[in-house]
1. So how far, in whole Å, is the C-alpha centre of region A:149-166 from the one of region B:131-184?
2. If you take the charge dipole of region A:3-233 about its Cα centre, with +1 on Lys and Arg Cβ and -1 on Asp and Glu Cβ, which of A:L171, A:V95, A:L192 is farthest toward its positive end?
3. When the scattering of region A:2-87 is computed by the Debye formula from its Cα atoms alone, each counted once and equally, what is log10 I(q)/I(0) at q = 0.21, 0.23 Å⁻¹?
4. Roughly how many nanometres apart are two label points built 7 Å out from the Cα toward the Cβ at A:L232 and B:R14?
5. For a quick protection proxy, order the peptides B:81-90, A:76-85 by their average other-Cβ count within 10 Å, most packed first.
6. Among A:R26, B:R171, A:R182, A:R190, which comes first, second and so on when ranked by fewest other beta-carbon atoms within 10 Å?
7. Determine the principal axes of the Cα atoms in region B:1-100, then give the extent along each, sorted from largest to smallest and rounded to whole angstroms.
8. Can you tally the lysine pairs in the protein assembly as shown where the Cα-Cα distance is under 21 Å and the two residues are eight or more apart, or on different chains?
Amino acid sequence: MSASARVDTIQMDDVSVRFADTDVLRNVCCSLPARTTAVIGENGSGKSTFARLIGGLARADSGTVRVLGLDPARETAALRRRVAVVFSNPDAQIVMPTVAEDVAFSLRSEKLPRAEKTRRTQAALERFGLTALADRPTHDLSGGQKQLLALCGAFVREPDLVIADEPTAFLDARNARLIADRLLKNGSHRVLLVTHDLDLAQRCDQAVLISQGTITAVGAPGGIVKAYQELLVC
Amino acid sequence: MLSLYRPGHSLWHRLPAGPKTTLVTLIVLSVCLLPVTWTGAATAAAIAVACYLIPGMGLSELGRQLFAVRWLIAVTALGQFLFLGPERAVANTTRISAALVIGALIVLSTSATALLNALERGLKPLQWCGVDRQRVALLLVVTFTMVPVLARLAGEVRQAQQARGGRVSLRYFATPFLILALKHADSLGDALSARGVR
């Protein structure tokens, strides 16, 4: 086992985040060692902020955050190399005019030989079934294809951790399943999945329930989903 | 980004972006310096046609490019006709139209990645005065990317207004459109950051 695999994927100790006068996350403590973790909770409960914090896109006002042994606030460059983030709206993630160029764009900041970048791009396109669409204009793709492209753009960097914030929110059942399959497929990467899709949450190794800015339960997805459903009924 | 690039294997397509841009700049400059006469107008039109035929882009592509700038041509021609007379109006409008469509040859025959690389290289001399060439090049690419996205957002706002039975009003259009555009810009910033863009 490598040194990086020995540390828990995500560790938080007494973490709080405030926006204006509102506590978005309050005194969050957790240690998440599982390969795939689902984060569930109501709208506005702090799930996305939790994910953004781990992805280095938000800062904690207090407490400590460690992601793959790194401090996202101080070791941002190292974190970017090892952590990829996928959002719910693929339109906001696509930058280049064609599918292949957009996937290759993720490798622009990597110091790799051109041949290696080409190899990785082609391999990622093939893995996500996008080879036939490589030269297609990105704005002509369907919602499902765009999200697949966003995922492909994240995976081409061969991250150790993929954070997906409601990646299936705008998709139909078939495309949602396709995206979930690609995301949770066995591999060396770990996944943190923020979702309202409780069936999808059940497919993860571990689940976290966030309510009103605090983690109220962590454990096997079956129990956590049940606890969340009970919370919704109350 | 708007997909203007037309893939091809002609010599023109294979020419690196830097020399291609220099060559197009020289041709555009020559067109701009043509005399403001009927002959000048005919020469500008002939150069534009040759520029599309020689690299194999074809006259239909030339037609598409002219159609894309039709309103600009119309406004230019009208103003010139009113104030300068027919010969100068035709000559100036033809020169401007020719310069625009010849300039479009760069994006038609160069992939966005090659353009981005060329821009980064071209901006290198400006590094001494603190210009971040990677950021400037990316800004230009992202600006192009935003055009179809903003058009879609504008369409959504208009449809939402219509669905609620409202009149199309600039006031009621501008506020939600601005909010959506800013929200999108925020998300794009996060996505770029997440993809390793510093």
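1. 26
2. Projecting each Cα onto the dipole axis, the largest value belongs to A:V95.
3. The computed values of log10 I(q)/I(0) come out as -1.06, -1.26.
4. Modelled inter-label distance: 6.0 nm.
5. Ranking, from highest mean packing down: A:76-85, B:81-90.
6. B:R171, A:R26, A:R182, A:R190
7. Rounded to whole Å, the extents work out to 44, 25, 21 Å.
8. Values: A:K47/A:K226; A:K47/B:K183; A:K111/B:K124; A:K146/A:K185; A:K146/B:K183; B:K20/B:K124.
The result is 6.
Every number here is computed from the coordinates shown, using simple stated rules; none is lab data. Owing to the predicted nature of the structure, the values given are computational and were not obtained by experimental measurement. Counting neighbours? That spans all protein chains shown, and the Cβs are built from the backbone with ideal geometry, glycine included.
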